[in-house]
Amino acid sequence: MTMTSDPSMDTIQDSARAALVLEDGSTFTGRAYGATGSTFGELVFSTGMTGYQETLTDPSYHRQIVVMTAPHVGNTGVNDEDPESGRIWVSGYVVRDPARRVSSWRARRSLDEELVAQGVVGVSGLDTRALTRRLREEGVMRAGIFSGEALFEEGPGGRVRERPVSDLVAEVKASPRMAGASLAPEVSTGEVYTVEPSGEFAGGVPVATVVAVDLGIKAMTPRRLAERGVRVVVVPQRSSIEEVLAVFEGLPEGAPRGVFFSNGPGDPDAAEHEVGLLREVLDRGIPFFGICFGNQILGRALGYGTFKLGYGHRGINQPVLDRTTGKVEVTAHNHGFAVDAPVFDGSGGPAVSTAPHGGGRYGRVVVSHVGLNDEVVEGLTCLDVPAFSVQYHPEAAAGPHDAAYLFDRFVGLLTDPGVWPPRLVVPDGPVPGGVGASDGAADETVADETEEKH
């Protein structure tokens, strides 16, 4: 099937033409945007209206072609302050209507110039609404963008012609799938580095020391911890438990310490090293917090399965219920996989299950955060070991600040472990017979404390 987003595209000069080809044979034609050539990846869409620079530089988008559902992209250009890593990680970029000029005093160059400079192949002028609807109906799939010499070939009589769609589809089908891909090693830091406490805590004794395992970490995440007085030592994905524990050597007896697993790309089912490392952390009772990929790794370490979502959650406007406060947060998401853990009990309340791994040695677990669009697991809280995680991005780069309190919750776990685990609250009051439901006043206190942190 061939879909052309705009009849005027037929008049585009050959040098400007570009095609987006899906593995099912669907073809969308448009105009080359950014670098020309060919690129391949899993085709996904992001619903964010802002924050395209943070999206492009998020390592979690490694080996993915990103479709922006917002129709107008690029008006604020590119600056040197907002990147979430040292490079653009998306494998391709698809927009409807790129800005013709930059309109921001912070901009240093245009988005198109940045894409060209970093060799990112893109396409514009597509009907991104039709494309997004197709992905929602059929699910994400592999795709390729072709422009310049990659789109054309020499035909009979030496005449240049567009390559047959069947040839382009064959190239797309030969590209790697996301399922089964271990990608964190490709995006992780190669060297250990430290982010010291900042703001009012700068120069003082850290309130805690945290080892952050970089599975594709966004730059804002260690900054959020540093703003709360935490010294963050970022280590490579390949790190062993001995290397993690070595960071804590020399700390005073009883000094707060913890481990953090970051966001990152790939299939959690392929993350065997990361799962093994986290079990070593849990076995030692070291407080743990995970974000996004880190949430999936915690789920697997506890013995739950993971599965691939039909088209994933990607954007900065996703509603999530935090069952420890009974409040709904608007949150930033970027995930195509989810944890398969019990969400509801027989009465429709939060299910408390025993972690399957190791005969239940990690005790009870509750799904602490639930996606309100599809009831997907968006957070896990361990009730008998000091560990929790969320599937979304509380660092708010880009995105809302509703979930920033999670960093406070982690610091509280590090500095006052006696407060763990947090009680569960539902909008109408404590969960009957559930975790922490023994005293309604206590539940109100938890809610009030979290309100102050917001």
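When you scan the range 160-173, do you find a residue that is assigned to a loop (DSSP other than H, G, I, E, B), out of contact with any His (no Cβ under 9 Å at 6 or more places or on another chain) and not assigned by TED's automatic domain parsing to the domain that holds residue 401, even just one?
Here is the first cut: in the range 160-173, the ones assigned to a loop (DSSP other than H, G, I, E, B) are 163-164.
Keeping just the survivors that are out of contact with any His (no Cβ under 9 Å at 6 or more places or on another chain) gives 163-164.
Retained after the next criterion (residues that are not assigned by TED's automatic domain parsing to the domain that holds residue 401): 163-164.
Checking the range 160-173: at least one residue is assigned to a loop (DSSP other than H, G, I, E, B), out of contact with any His (no Cβ under 9 Å at 6 or more places or on another chain) and not assigned by TED's automatic domain parsing to the domain that holds residue 401.
Output the number of residues of the range 226-242 satisfying the condition of being closer than 14 Å to residue 193 by Cβ and either in contact (Cβ under 8 Å) with a residue 60 or more places away in the chain or part of a helix (DSSP H, G or I) (or both).
Number of matching residues: 1.
From the list 105, 89, which one is crowded, with 23+ Cβ neighbours inside 10 Å and either touching a Leu at 6+ places or on another chain (Cβ under 9 Å) or more than 21 Å from residue 146 (Cβ to Cβ) (or both)?
Details: 105 fails: crowded, with 23+ Cβ neighbours inside 10 Å.
After ruling out the rest, the residue left standing is 89.
If we scan the range 377-397, do we find a residue that is in contact (Cβ under 8 Å) with a residue 12 or more places away in the chain, under 18 Å from the mean Cα position of the chain (by Cα) and either farther than 25 Å from residue 275 by Cβ or in a helix (DSSP H, G or I) (or both)? Give the steps one after another, and end with the answer.
Start the filter on the range 377-397 by keeping residues that are in contact (Cβ under 8 Å) with a residue 12 or more places away in the chain, which leaves 377-397.
Checking which are under 18 Å from the mean Cα position of the chain (by Cα) leaves us with 377-380, 388-397.
Now restrict to residues that are either farther than 25 Å from residue 275 by Cβ or in a helix (DSSP H, G or I) (or both): 396-397.
Within the range 377-397, one or more residues are in contact (Cβ under 8 Å) with a residue 12 or more places away in the chain, under 18 Å from the mean Cα position of the chain (by Cα) and either farther than 25 Å from residue 275 by Cβ or in a helix (DSSP H, G or I) (or both).
So that you can scan it fast, the table gives a plain yes or no per residue for (1) under 16 Å from residue 115 (Cα atoms); (2) of a type in the set (Gly, Ala, Ser); (3) at pLDDT 95 or above:
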site: 4; (1), (2), (3): no, no, no
site: 13; (1), (2), (3): no, no, no
site: 21; (1), (2), (3): no, no, yes
site: 31; (1), (2), (3): yes, no, yes
site: 49; (1), (2), (3): no, no, no
site: 62; (1), (2), (3): yes, no, yes
site: 66; (1), (2), (3): yes, no, yes
site: 97; (1), (2), (3): yes, no, yes
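Report, ordered by the first and then the second residue, all pairs with beta carbons closer than 7 Å, sequence separation of six or more or different chains, a first member in the range 131-146 that is touching a residue at least 60 places away in the same chain (Cβ under 8 Å), and a second member that is surrounded by 23 or more Cβ atoms within 10 Å (Cβ to Cβ) and of a type in the set (D, E, K, R).
Correct list of pairs: 140/42; 142/42.
Select from the range 308-328 the residues that are of a type in the set (S, T, N, Q) and surrounded by 19 or more Cβ atoms within 10 Å (Cβ to Cβ) and write down the one among them that is nearest to the chain's Cα centre (by Cα).
Kept after step one, since they are of a type in the set (S, T, N, Q), are these residues of the range 308-328: 317-318, 324-325.
Now restrict to residues that are surrounded by 19 or more Cβ atoms within 10 Å (Cβ to Cβ): 318, 324-325.
Numbers: 318: 13, 324: 22, 325: 23 Å.
Out of the qualifying residues, it is 318.
Residues checked against (1) buried (at least 24 other Cβ atoms within 10 Å of the Cβ); (2) more than 17 Å from residue 420 (Cβ to Cβ); (3) at pLDDT below 95:
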site	(1), (2), (3)
357	no, yes, no
361	no, yes, no
364	no, no, no
370	no, yes, no
385	no, no, no
388	yes, no, no
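Restricting attention to the range 20-28, does a residue exist that is touching a Gly at 6+ places or on another chain (Cβ under 8 Å), part of a strand (DSSP E or B) and of a type outside the set (D, E, K, R)? Working first, answer last.
Let us first name the residues in the range 20-28 that are touching a Gly at 6+ places or on another chain (Cβ under 8 Å), namely 20-21.
Narrowing further to those that are part of a strand (DSSP E or B): 20-21.
The next check asks that each one be of a type outside the set (D, E, K, R); those that pass are 20-21.
Within the range 20-28, one or more residues are touching a Gly at 6+ places or on another chain (Cβ under 8 Å), part of a strand (DSSP E or B) and of a type outside the set (D, E, K, R).
Which one of 374, 402, 408 is surrounded by fewer than 23 Cβ atoms within 10 Å (Cβ to Cβ), touching a strand residue (DSSP E or B) at 6+ places or on another chain (Cβ under 7 Å), modelled with pLDDT of 85 or more and not in a strand (DSSP E or B)?
Numbers: 374 fails: touching a strand residue (DSSP E or B) at 6+ places or on another chain (Cβ under 7 Å); 408 fails: touching a strand residue (DSSP E or B) at 6+ places or on another chain (Cβ under 7 Å).
Answer to the selection: 402.
The values are calculated or read from the model by the stated rules, or taken from the named source; none is laboratory data. From a predicted model like this one, the values you see are computed outputs, not experimental measurements. Using ideal geometry, Cβ is built from the backbone for each residue, glycine included, and neighbour counts are taken over all protein chains shown.
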